[in-house]
1. Pull out a ≥ b ≥ c, the square roots of the eigenvalues of the alpha-carbon gyration tensor of the range B:115-258, then state rounded if a/c is under 1.5, prolate if not and a/b is larger than b/c, and oblate in the remaining case.
2. Taking 7 Å along the Cα-to-C-beta vector as the label spot, tell me the residue A:94-residue A:185 distance in nanometres, rounded to one decimal.
3. Taking chain B as a Gaussian network, where each spring joins two C-alpha atoms under 10 Å apart, which residue of B:81, B:104, B:193 fluctuates the most?
4. Choose one answer from A:305, A:245, A:18: the residue with the largest mean-square fluctuation in a GNM of chain A with alpha-carbon springs under 10 Å.
5. What net charge do the residues around residue A:276 carry, taking every other residue with its C-beta under 12 Å from that of residue A:276, with Lys and Arg at +1 and Asp and Glu at -1?
6. Cα centroids of the range A:248-284 and the range A:116-147: how far apart, whole angstrom?
7. Report, in deg cm²/dmol and to the nearest 500, the calculated mean residue ellipticity at 222 nm for the protein assembly as shown, where each DSSP H run with n ≥ 4 adds -39500 (n - 2.57) and the sum is divided by the residue count.
8. Lys and Arg at +1, Asp and Glu at -1: add these up for the other residues within a Cβ distance under 13 Å of residue A:167 and post the number.
2 protein chains.
Amino acid sequence: MTKKIAVLPGDGIGPEIMAEAVKVLQALDLPLTLEWADVGGKAYENSGHPLPPATLKLAQEADAVLFGAVGDWKYDKLERALRPEQAILGLRKALGLFANFRPAICYEQLTHASSLKPELVAGLDILIIRELTGDIYFGQPRGRRTAVDGHFPGAEEAFDTMRYSRPEIERIAHVAFQAARKRNKKVTSVDKANVLETFQFWKDVVTEVHKDYPDVELDHMYVDNAAMQLVKAPKKFDVVVTGNMFGDILSDEAAMLTGSIGMLPSASLDVNNKGLYEPSHGSAPDIAGKGIANPLATILSAAMMLKFSLNLPYAAARIEAAVQSVLAQGLRTADIWSEGTSKVSTVEMGDAVVKAITTTKTIKS
Amino acid sequence: MTKKIAVLPGDGIGPEIMAEAVKVLQALDLPLTLEWADVGGKAYENSGHPLPPATLKLAQEADAVLFGAVGDWKYDKLERALRPEQAILGLRKALGLFANFRPAICYEQLTHASSLKPELVAGLDILIIRELTGDIYFGQPRGRRTAVDGHFPGAEEAFDTMRYSRPEIERIAHVAFQAARKRNKKVTSVDKANVLETFQFWKDVVTEVHKDYPDVELDHMYVDNAAMQLVKAPKKFDVVVTGNMFGDILSDEAAMLTGSIGMLPSASLDVNNKGLYEPSHGSAPDIAGKGIANPLATILSAAMMLKFSLNLPYAAARIEAAVQSVLAQGLRTADIWSEGTSKVSTVEMGDAVVKAITTTKTIKS
Ligand SMILES: [Mg+2]
Ligand SMILES: [Mg+2]
């Protein structure tokens, strides 16, 4: 019954934040085997490719992947196929990770860090579910050509294809409705049905799938209106489901509303709830090696992993409670520090979470 | 030298807000001839089409179009081609209005109405320039079919085509750089060049056009990052130029940042700066006929018309100063009212702007 976790720290602050997440997992005494592998720029340097065969094999064999971050300016001159970012795209594709979970949670103690007025974000808890393997980001054909019609026939033009098939929409809709059942039974499907054929179809199919979930409330919103309502009244949202491109834009906007991206985990799941878990923030090469990065998004990603892929919700809840506890104690890494709180290092934050977990455990046992 | 203005009040609150804008224009004593025509649901009721031939002819002959708002729930059951919204799409197409100007301005007295903390929006003055006749909103082919490849070959799918030709990008880039010259000489071009062929081309062409404007600073930003930065630090933007779809999303997000959409005008221009001017808000049928709508966005749209299409910048500045003056006097329609200010009706607000213009005129003459 021991589950295998592929641990891929990556570049920049990746190794530092991953070390803390691993410490937290180990403190829980769960039947897990952790196996490490290179990924991203580190992997390119050691073996010539950002996603080497051994890393991919480990990820495929594992029950879940815990991912740090990839990327560094020093790899910007590499050809596109060898850049660190290709590792995450390759993993999504090879593992069939079509459902991206992007929570936007505003922790009570960090409400002031938001750009928004405190009353608008206090207690914010949105889950954006973004379809991750289709839409215009992958649609073929695409390229450059000479226009044969349009406003300027004969001119040079570039083009891309937006497309979604019925099964692609059905499976992400099921994911959203099932996630909503575990929350407040409310889904907002974001489209642009008034203008785009693809998203009229999206709306039609989501509406059909909804018939299987009569207990869940569904509403539909145009993407431009959703971008507005996130600013105006974000707490009106609960689960949001949308396509790859709209999800890219809205999940980042929602994350920024919280004011503390260093706190936000994410998950990318396949049809069997096997998944890749990573912080929403990047590799931050500017602060790498300084011991000041915030490990909480990675620690919370490990909690999501326990909940979604390993069916250990109680262990996940213990991590989440420990994170709440360290925030309540006033401990803050530099990115979330404010007057009157205690600034701690990456390692000190990880240690504090471990201590909070151990203390809780002792009390309960 | 008399210029002809097509005045198209439309539906909902359209006639009420237009009446005030007309009063303001008349108070300026300019060499203008105003001619009225039906548009939208009103036109459909009177002559069977939301954009009747007589209205289109007037708009084509006029030097500029001042547009109120169209749409009402009661037309929702009409076939798409007869719905009020088709009037604005038809006018954009017939008049070749490819450059949409969407200012997002946060007036000092209304700073508190924003969702954002006051210090982040006080003095905000962004100009979003959205390409309006191309991109995936118009690209052919589009429709439904059976997928021949992709994740589910053989499945039903829907698709759309994103496309931009070189001349389409060039002309909107010129518009943006020229607009920036009249402001702070800073343009942010928003794309998704890392993923989309269309927007790598967009970035390349904007970069080429920039060579003609060495005095203007240009930077490039991905659309998901732009959606974040608008929330985090909106005042870092000045002129933003982007495609039709990204512009649709970002201009609405930026408008909502100000917290007072009832204040925001817009313009849609052709290659010769002939344009259509309209408030950014809609027809608000729920408050139509109550005399409480805010006419300032329409009044400020008239000011934009004087500046961009009629080359009367001094007259435009007089309107803008008069609007500042009524705000400074504490006059507010219901949508922008707050404790300690005086609630006024649509007509009273229009009268106050006229009075402010007349007073200023007397002092200056
Ligand atoms: Mg993104
Ligand atoms: Mg819009």
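The numbers here are math on the coordinates, done by the rules we state, and not lab data. Predicted model only: the values in this text are computed from it and were never measured. For neighbour counting, all protein chains shown are included, and Cβ atoms are generated from backbone atoms with ideal geometry for every residue, glycine included.
1. Judged from the Cα gyration tensor, the range B:115-258 comes out oblate (a/c at least 1.5, b/c at or above a/b).
2. In this crude label model, residue A:94 to residue A:185 measures out at 4.2 nm.
3. Sorting by GNM fluctuation, first place goes to B:81.
4. A:245
5. Neighbourhood net charge equals 0.
6. 12
7. Working: 24 runs with 296 residues, N = 730.
Helices in the protein assembly as shown give a 222 nm mean residue ellipticity of -12500 deg cm²/dmol.
8. Around residue A:167, the surrounding residues sum to -3.
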